[in-house]
2 protein chains.
Amino acid sequence: MTVKQASSGERSGRSGDGTTEGDGATEATEAAGVTEATGAAGAVSERGERSVDDEEVHWLSPIEQRAWRAHLAAHKLLEHRLDRELQPFGLSLNDYEILVNLSEITDRRMRMSDLAEATIQSRSRLSHQISRMESAGLVTRETCTDDRRGTFAVLTEHGWATIQKVAPHHVGSVRRHFIDLLTDDQLVELETAYAPVVKHLKGIR
Amino acid sequence: MTVKQASSGERSGRSGDGTTEGDGATEATEAAGVTEATGAAGAVSERGERSVDDEEVHWLSPIEQRAWRAHLAAHKLLEHRLDRELQPFGLSLNDYEILVNLSEITDRRMRMSDLAEATIQSRSRLSHQISRMESAGLVTRETCTDDRRGTFAVLTEHGWATIQKVAPHHVGSVRRHFIDLLTDDQLVELETAYAPVVKHLKGIR
């Protein structure tokens with residue numbers, strides 16, 4: 001499962017290799033708990049081949065692992081589904097995101113560097129993306145001669161018409177596969193929980 | 001921002017175009033609330049060019065939009081950061097995920113179709129991914145002659161050593177940029193909120 005991203009870091013190897021030190025009983029219990037939570041991950045520890053110094057690593061607790069896995073699984077499955085439901089319109093989720101950004105801005109144009117920042121991707125990846133969308137007639141590139149900071153991505157009429165047509169369907173997908181499955185309280189909790197994560201990560205970009 | 005994925009679907013155009021029908025006051029308030037929450041998205045409605053029939057679309061409420069945007073922003077920023085912190089080890093986040101899956105399985109091998117299922121991606125995308133990892137010496141492909149169901153991806157000794165070396169660092173990243181920023185209660189809430197989403201999406205894959 002994709003959700004095991006951090007699970008290979010289970011520390012159960014410690015309880016079996018006889019090298020456990022410190023407050024023994026507590027640590028053994030902790031280790032057993034983690035093993036239980038990681039499921040198939042046990043294969044790693046059963047071999048007893050872990051080479052890293054577990055004493056220095058703060059592995060995830062069962063609760064932490066389950067939350068992390070849930071976040072990853074939900075996002076990946078959702079991304080896959082939303083992408084799939086955009087396919088009949090000839091769009092990928094990335095295309096959609098670019099179209100939304102451009103459609104929401106006055107003049108429907110954004111400097112490439114700003115668009116890369118807004119969509120959280122590298123300039124080079126965005127450039128490839130925009131080339132594909134240019135071929136599809138959704139956007140054009142324009143170079144502003146007065147502005148040394150370079151090239152703009154501009155929404156075409158076809159791009160505008162496309163986002164107008166697709167948005168209601170996409171919102172329906174988001175609602176069906178995510179929003180409507182959560183209570184209002186859960187939605188508020190989600191926003192509250194993620195706020196410091198978003199702030200932290202934006203701060204170190 | 002990437003988090004506007006569903007925000008182009010604001011219904012504020014309704015309040016300005018004089019075509020609002022039904023329980024007028026309530027709808028006008030709703031529309032105003034959504035406009036406020038979408039911020040820059042207002043550009044779409046100001047033009048008054050929305051062509052879709054808003055009466056039939058159940059646009060996201062302010063709370064729903066904020067939760068959805070928070071989820072998207074948190075995930076995208078996190079993915080970007082985790083990917084970046086794996087780069088010094090010559091791995092992408094996708095590489096890491098494959099290595100974890102193979103390392104957790106007995107014999108460190110998985111049928112390609114199972115691996116595609118586990119990592120929530122198409123067979124063709126996984127095939128490209130495995131080719132790149134094969135070049136890097138992390139995995140090999142093996143065809144089982146007894147088994148018509150095809151090819152296996154197998155973790156190499158180098159792949160095994162790599163995941164052992166990288167896992168502690170990756171767990172550190174996950175903790176620093178996500179887990180340690182949430183309270184235990186929030187982690188539990190997160191898992192609870194996502195459980196039905198994951199179940200639903202797995203059910204329709």
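Please tell me if A:Gln121 is open to solvent by less than 30 Å² (accessible area, probe 1.4 Å) and either at pLDDT 95 or above or touching a strand residue (DSSP E or B) at 6+ places or on another chain (Cβ under 6 Å) (or both).
no
Per-residue answers, yes or no, for (1) surrounded by fewer than 22 Cβ atoms within 10 Å (Cβ to Cβ); (2) among the aromatic types (Phe, Trp, Tyr); (3) in a strand (DSSP E or B):
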site	(1), (2), (3)
A:Asp95	no, no, no
A:Ile98	no, no, no
A:Glu117	yes, no, no
A:Gln129	yes, no, no
A:Arg141	yes, no, yes
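Would you check which residues across the range B:74-93 are open to solvent by less than 30 Å² (accessible area, probe 1.4 Å) and of a type in the set (A, V, I, L, M, F, W, C) and list them?
First pass over the range B:74-93, keeping only residues open to solvent by less than 30 Å² (accessible area, probe 1.4 Å): B:74-75, B:77-78, B:82, B:86, B:91, B:93.
The answer is B:Ala74, B:Leu77, B:Leu78, B:Leu82, B:Leu86, B:Leu91, B:Leu93.
Condition first: within 19 Å of B:Arg176 (Cβ to Cβ), within 7 Å of chain B (Cβ to nearest Cβ) and touching a residue at least 12 places away in the same chain (Cβ under 8 Å). Now tell me which residues in the range A:71-80 satisfy that.
Passing the criteria: none in range.
Considering only residues that are under 13 Å from B:Leu72 (Cα atoms) and open to solvent by 50 Å² or more (accessible area, probe 1.4 Å), look in the range A:186-198 and name the one that is farthest from the other protein chains (Cβ to nearest Cβ).
The extreme case among them is A:Ala195.
B:Thr183: among the hydroxyl-bearing types (Ser, Thr, Tyr) and under 30 Å from A:Thr192 (Cβ atoms), yes or no?
Yes: the conditions hold for B:Thr183.
Run down B:Ser45, B:Ser61 and say which single residue is at pLDDT 90 or above, more than 8 Å from every other protein chain (Cβ to nearest Cβ) and farther than 22 Å from A:Lys202 by Cβ.
Going through B:Ser45, B:Ser61 in turn, just one is at pLDDT 90 or above, more than 8 Å from every other protein chain (Cβ to nearest Cβ) and farther than 22 Å from A:Lys202 by Cβ: B:Ser61.
If you check every pair at least six apart or on different chains, which have Cβ atoms under 7 Å apart with a residue in the range A:59-70 that is of a type in the set (Val, Ile, Thr) first and a residue that is open to solvent by 40 Å² or more (accessible area, probe 1.4 Å) second?
Listed by first residue and then by second, the contacts come to A:Ile63/B:Asp184; A:Ile63/B:Val188.
Based on what the data block shows, is A:Asp83 under 23 Å from B:Ala116 (Cβ atoms), free of Cβ contacts under 8 Å to residues at least 12 places away in the same chain and acidic (Asp, Glu)?
Details: under 23 Å from B:Ala116 (Cβ atoms): yes; free of Cβ contacts under 8 Å to residues at least 12 places away in the same chain: yes; acidic (Asp, Glu): yes.
Considered against the rule, which asks whether it is under 23 Å from B:Ala116 (Cβ atoms), free of Cβ contacts under 8 Å to residues at least 12 places away in the same chain and acidic (Asp, Glu), A:Asp83 comes out as yes.
Within the range B:156-185, how many residues turn out to be open to solvent by 60 Å² or more (accessible area, probe 1.4 Å) and not in a helix (DSSP H, G or I)?
Summing the residues that are open to solvent by 60 Å² or more (accessible area, probe 1.4 Å) and not in a helix (DSSP H, G or I) in the range B:156-185 gives 1.
The values are calculated or read from the model by the stated rules, or taken from the named source; none is laboratory data. For clarity, every value in this text was computed on a predicted model and none was experimentally measured. Because the Cβ atoms are built from the backbone with ideal geometry, glycine has one as well, and the counts that use them run over all protein chains shown. Areas reflect the complete protein model, heavy atoms only, side chains present, ligands, DNA and RNA absent. Shrake-Rupley method; radii C 1.70, N 1.55, O 1.52, S 1.80 Å.
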